[in-house]
Amino acid sequence: MRLDGVSTRPDDILHSAYTMNARVFLPWVCLVPWALTAAEPKPVDVSKLPLPVARPVDFVQDVYPIFKESCISCHGPEKQKGKYRMDTREATFKDTDYGPTVVPGKSEQSSMIHMVAGLVDEMLMPPPSDKPGQSEPLTKEQIGILRAWIDQGAKWPDGPVDVEKAVTFAQDIQPIFQAACASCHGANSPQGSFNAVTLVTVLKGGENYGAVVVPGDAKKSSLITIISGLDEDLPQSEKHKLPAKQVDLVKRWISQGAK
Ligand code: HEC
Ligand code: HEC
């Protein structure tokens, strides 16, 4: 749109502002390369890194589950802390003030590895937190898996990933309930007639609460309130509290249909 020969189109305005100020801008443009070299990341002591695991690793099976468990809550579709997200390859492979996050073939030069191993000041990832169960540092084995993935070429399948590992009662949930609940909710005269160690009886529920699992809907499942230690009507509600990671797993199991 033009009024009396004056353009009001935003890109025209920008363009004329640029040409008018070219002389003012130019010296700054020349300073940029200098500024970049000045911001060289501090060297880190890579001799302290845990070793890469000595086996072929698979992105979907081995690597993304680590991202999903420990990183995506802050670097995913919902939040992008530090303007960083890890749900696509393009976004994950980023040049940061601490160096490139992932240098394929060279895990010891990859700043993501430096960060998860705590070698970058104030940048331990995930960051330490006071809340129990949250932001636990990666284990040496997990860091070894990430290193091996990068050393083996940092392969990432095309497109966004949404690999949700299948959570099953038999594999993932039963062992948790066996360890934490069986003493009171085993097969023999369980409290509240709730037997926590078989899939059929967990889905059936107990004598007072009825069904505590709504397959496909973790929010409506009172089991989640119970194992978060938040059901105050329950005798010994604190005996029902599981660590946050286990609660998450049970949530995922229910969301995936409680199979
Ligand atoms: C609880 C939230 C949280 C979790 C979980 C978390 N981060 Fe971060 N991350 C942050 C914050 C906050 C920053 C920005 C810190 C800063 O710049 O001072 C950040 C910054 C980063 C950066 C630097 C990005 C840039 O462009 O400078 C990388 C790389 C990173 N995180 C990797 C990871 C990895 C890998 C994981 C999982 C192993 C992870 N983070 C888990 C909060 C988190
Ligand atoms: C120290 C013993 C103890 C432990 C451990 C325990 N519970 Fe309980 N639980 C109880 C008691 C007592 C009741 C109340 C029974 C009643 O009302 O008669 C109860 C009730 C329940 C109910 C309600 C049953 C009903 O009446 O409908 C559920 C569901 C339940 N517990 C699940 C669990 C789960 C899951 C775990 C493991 C994470 C667990 N409990 C661990 C003692 C325990």
So which residues in the range 114-142 are near ligand 1 (Cβ under 9 Å from one of its atoms) and closer than 19 Å to V57 by Cα? V116, L138, Q142
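Being modelled with pLDDT of 95 or more and among the basic types (K, R) is true for just one of K79, K83, K68, K42. Which residue is that?
On the way: K79 fails: modelled with pLDDT of 95 or more; K68 fails: modelled with pLDDT of 95 or more; K42 fails: modelled with pLDDT of 95 or more.
Step by step, each of K79, K83, K68, K42 is checked, and only K83 is modelled with pLDDT of 95 or more and among the basic types (K, R).
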Determine if the range 75-88 includes at least one residue that is touching a Phe, Trp or Tyr at 6+ places or on another chain (Cβ under 7 Å) and assigned to a loop (DSSP other than H, G, I, E, B). yes
What tally of residues in the range 55-86 results from selecting those that are under 19 Å from P127 (Cβ atoms) and touching a residue at least 40 places away in the same chain (Cβ under 8 Å)? 6
Sole exception among (1) more than 8 Å from ligand 1 (Cβ to nearest atom); (2) within 16 Å of the chain's Cα centre (by Cα); (3) farther than 27 Å from V247 by Cβ for R147, by number: (2)
Given (1) farther than 30 Å from G82 by Cβ; (2) within 16 Å of ligand 1 (Cβ to nearest atom); (3) small (G, A, S), G216 misses just (2)
Could you grab me the full set of residues in the range 230-246 that are buried (at least 16 other Cβ atoms within 10 Å of the Cβ) and either farther than 15 Å from Q174 by Cβ or within 16 Å of ligand 1 (Cβ to nearest atom) (or both)? D231, L234, H240, K241
Exactly one of these conditions fails for V103: (1) modelled with pLDDT of 95 or more; (2) part of a loop (DSSP other than H, G, I, E, B); (3) within 9 Å of ligand 1 (Cβ to nearest atom). Give me its number. (3)
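Yes/no matrix, rows are residues, columns are (1) closer than 30 Å to A91 by Cα; (2) free of Cβ contacts under 8 Å to residues at least 24 places away in the same chain; (3) surrounded by fewer than 17 Cβ atoms within 10 Å (Cβ to Cβ):
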residue: W156; (1), (2), (3): yes, no, no
residue: Q174; (1), (2), (3): no, no, no
residue: F177; (1), (2), (3): no, no, no
residue: H185; (1), (2), (3): no, yes, no
residue: F194; (1), (2), (3): no, yes, no
residue: G216; (1), (2), (3): no, no, yes
residue: L223; (1), (2), (3): no, no, no
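The values are calculated or read from the model by the stated rules, or taken from the named source; none is laboratory data. The model shown is predicted, which means the values in this text are computed figures rather than measured ones. Glycine gets a Cβ as well: all are built from the backbone with ideal geometry, and neighbour counts include every protein chain shown.
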